[in-house]
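Scroll down for the structure; my scribbles are underneath it.
The values are calculated or read from the model by the stated rules, or taken from the named source; none is laboratory data. Remember, it's a predicted structure, so these values are computed and weren't measured experimentally. Note: ideal-geometry Cβ built from the backbone for every residue, glycine included; neighbour counts use all protein chains shown.
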Amino acid sequence: MRKKLLLGNWKMNKTPAEAKQFCLDAREVVSYAIAHNVDIGVAPTFVCLESVVANKPEGLIVSAQNCSEHDHGAYTGEVSIPMLKAVGVDWVIIGHSERREYNGETSKACNAKIKAMLASGVTPVYCCGESLETYEKGETKPFVAEQIRVGLEGLTPEEAKKVVIAYEPIWAIGTGKSASKEIAEDTIGFIRRTLKESFGVAAMDIRILYGGSVKPNNIAEYVSQEDIDGALVGGASLEPDSFKGLVENLVK
Ligand code: 13P
């Protein structure tokens, strides 16, 4: 059985003081999620990680939004995996479409980062998803399959089981135009079959999230689907009330 996972991606929002306030306000809802056997976490900016680690409710997963594949050295502006671990962070989102678009991140670069994370015992949340143009051309499946194949190349089935995949169609991110549950399940089921080709039965243990305009009023539809194991949520994860709404609708 794959455990459900709700991960809030805060993107470039919140100061450390605001992040602390969120932690204080989210105590009850985090306990509630954990009591209902749901993994729950947030991904703050680098500068907020220490504040969240220091103030977080017990059991809240703290994830970074990116990392370097290198441990240290002349890489201006980068943050390494050992640095993240030193502040108590052992999850990292990798290959978000915004990083692919604005920072030129490729699936091959993600592959190097994922391997470095797995070697350090850090959980990667590897994002994939197609643009509106690719979707309209009907090329979603080959596009996403290539992102998965390149991103996870060279992993053993045991390693692949430790990766979380997030399918986020770019046309649904921050637009309020979420993919229907049928479209999300169709692509996510396809991703699982693609994973099966590389990793065999281990694919059945890999958690795959849907992301893209997930809100308290639609999260239940997604997680009721056979292959969808939770959600990666942007805007609706920022305020404690809305975060609570996501949890309540996910568990019911
Ligand atoms: P929204 O939930 O704001 O659409 O963002 C989705 C996302 O990109 C999460 O990583």
Subset of segment 50-66 [farther than 16 Å from K11 by Cβ and touching a residue at least 40 places away in the same chain (Cβ under 8 Å)]
I61
Within segment 121-140, work out how many residues are more than 15 Å from the ligand (Cβ to nearest atom), among the hydroxyl-bearing types (S, T, Y) and within 17 Å of A109 (Cα to Cα).
1
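Among what's in segment 210-235 and is touching a Lys or Arg at 6+ places or on another chain (Cβ under 7 Å) and free of Cβ contacts under 8 Å to residues at least 60 places away in the same chain, pick the residue that is nearest to the ligand (Cβ to nearest atom).
Restricting attention to segment 210-235, the residues satisfying the condition of being touching a Lys or Arg at 6+ places or on another chain (Cβ under 7 Å) are 213, 220-223, 225, 227, 229-230, 234.
Adding the requirement that they be free of Cβ contacts under 8 Å to residues at least 60 places away in the same chain leaves 213, 220-222, 225, 227.
Details: S213: 4, A220: 15, E221: 15, Y222: 12, Q225: 17, D227: 18 Å.
Within segment 210-235, the match that is nearest to the ligand (Cβ to nearest atom) is S213.
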Just need a number here: residues in segment 103-151 that are assigned to a helix (DSSP H, G or I), within 21 Å of T187 (Cβ to Cβ) and among the charged types (D, E, K, R).
5
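Scan segment 103-122 for residues that are surrounded by fewer than 18 Cβ atoms within 10 Å (Cβ to Cβ) and more than 16 Å from S68 (Cβ to Cβ) and jot them down. Spell out how you get there, then give the answer.
Pass one, segment 103-122, residues surrounded by fewer than 18 Cβ atoms within 10 Å (Cβ to Cβ): 103-104, 106, 108, 112, 115, 119-121.
Matches in segment 103-122: G121 only.
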Sole exception among (1) within 15 Å of the ligand (Cβ to nearest atom); (2) free of Cβ contacts under 8 Å to residues at least 24 places away in the same chain for E78, by number:
(1)
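Filter segment 97-120 down to the residues that are within 16 Å of the ligand (Cβ to nearest atom), among the polar types (S, T, N, Q) and within 16 Å of the chain's Cα centre (by Cα) and list them by number.
S97, the sole residue that qualifies.
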What do you reckon, is K196 in contact with a helix residue (DSSP H, G or I) (Cβ under 6 Å, 6 or more places away or on another chain), modelled with pLDDT of 95 or more, over 17 Å from V125 (Cα atoms) and within 16 Å of the ligand (Cβ to nearest atom)?
no
Could you look through segment 63-102, keep only residues that are polar (S, T, N, Q) and closer than 20 Å to S51 by Cα, and pick out the one that is surrounded by the most Cβ atoms within 10 Å (Cβ to Cβ)?
S63
Given the condition free of Cβ contacts under 8 Å to residues at least 40 places away in the same chain, surrounded by fewer than 18 Cβ atoms within 10 Å (Cβ to Cβ) and over 28 Å from A220 (Cα atoms), answer yes or no: does some residue in segment 158-177 qualify?
no
